[in-house]
Amino acid sequence: MKNWYLLVLLIVNVVFCAGTDKVKTLEVMEGEPVTLDTCCVIEIQTKDEIEWRFDGAVIAKNGLLYDTIDEKFTGRLSLNPQTGDLTIRNTRIQHSGLYEVNISSSARTVHMKFTVNVLDALPTKVSASEGSSFTFPRDIVDVEKYDLITWIFENTTIAEFNRQRSPSIKYGDVKDGKFKDRLKMDDQTRALAITDIKSTDSGLYKLQVIVQNQETKNRVYRLTVSTSVSPAAYIVPILLILVAGVVGGIIYKKSQNSKHQALRTNEKQDS
């Protein structure tokens, strides 16, 4: 019975994994670990040969780890001997690229590809004017496929769409109620809009999306709200400058007239 079970699992592996050219895309924030999961491989067998490549260069083979010429993987790689999964720790932008794994034996051949995108940990800077409406850019492809979409402001969830629990958008708020009735998540794109922007809305915002297989993507934004100044605020200083100029001109003219008058008086006395 056990042999039949193993045979079925082997057939599943061959059907769904062998020779696949499909590329799985993974995104990770810089500094976080990422695991390239050979999910369709049941278990690495003794006679299996496993080889991992990064942009064509061998970085792991048959249990041994290698590095690239520029040593970008030094101390960062680990290989799971049971599954063949490759983990990259403390990722950097330079670790973005194409990863390929080949697992082969007399019984099977598995070829998988992964595209890893390491995102800059620094938040994207965005700005808005006080009193205006602002929509955060949503640059995650196919966002509609995700099960959980969350917008977070300074560690507090302010908007959430959970496909599994309830197919509707829920809005939260921070303690002081600053976002009350001012948030709107688009039904299609899941982009977040804030109406009647206030200076207190400045801060760190995070978009987090998750799918069932625990794939997580993040986008971080730092919003700066500039205070709008009414035209009256400019008029008063300008008027003060004009008044000061006029008063100064009058004083200067009076002083000049006084000097001329004094000169005429002296000339009459001398004559």
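Taken together, the values in this text are just the output of simple stated rules run on the coordinates, not laboratory data. All values reported here derive from a predicted model rather than from experimental measurement. Don't worry about glycine lacking a Cβ; one is built from the backbone with ideal geometry, like all the others, and counts go over all protein chains shown.
Please name which of T157, M185, V116 has its Cα lying farthest along the dipole of the range 75-186 towards the positive end, using unit charges on Cβ (Lys, Arg +1; Asp, Glu -1) and the Cα centre as origin. Projecting each Cα onto the dipole axis, the largest value belongs to V116. About the centre of its Cα atoms, the range 124-226 shows a dipole size close to 140 debye [charges on the beta carbon of Lys, Arg (+1) and Asp, Glu (-1) only; nearest 20 debye]. Quick one: of K113/K184; K145/K198; K178/K206; K22/K184, which pairs are farther than 28 Å apart, Cα to Cα? Over 28 Å apart, Cα to Cα: K113/K184; K145/K198; K22/K184.
The protection proxy used here, the mean number of other Cβ atoms lying within 10 Å of each residue, ranks peptides 107-117, 66-76 as follows, highest first: 107-117, 66-76.
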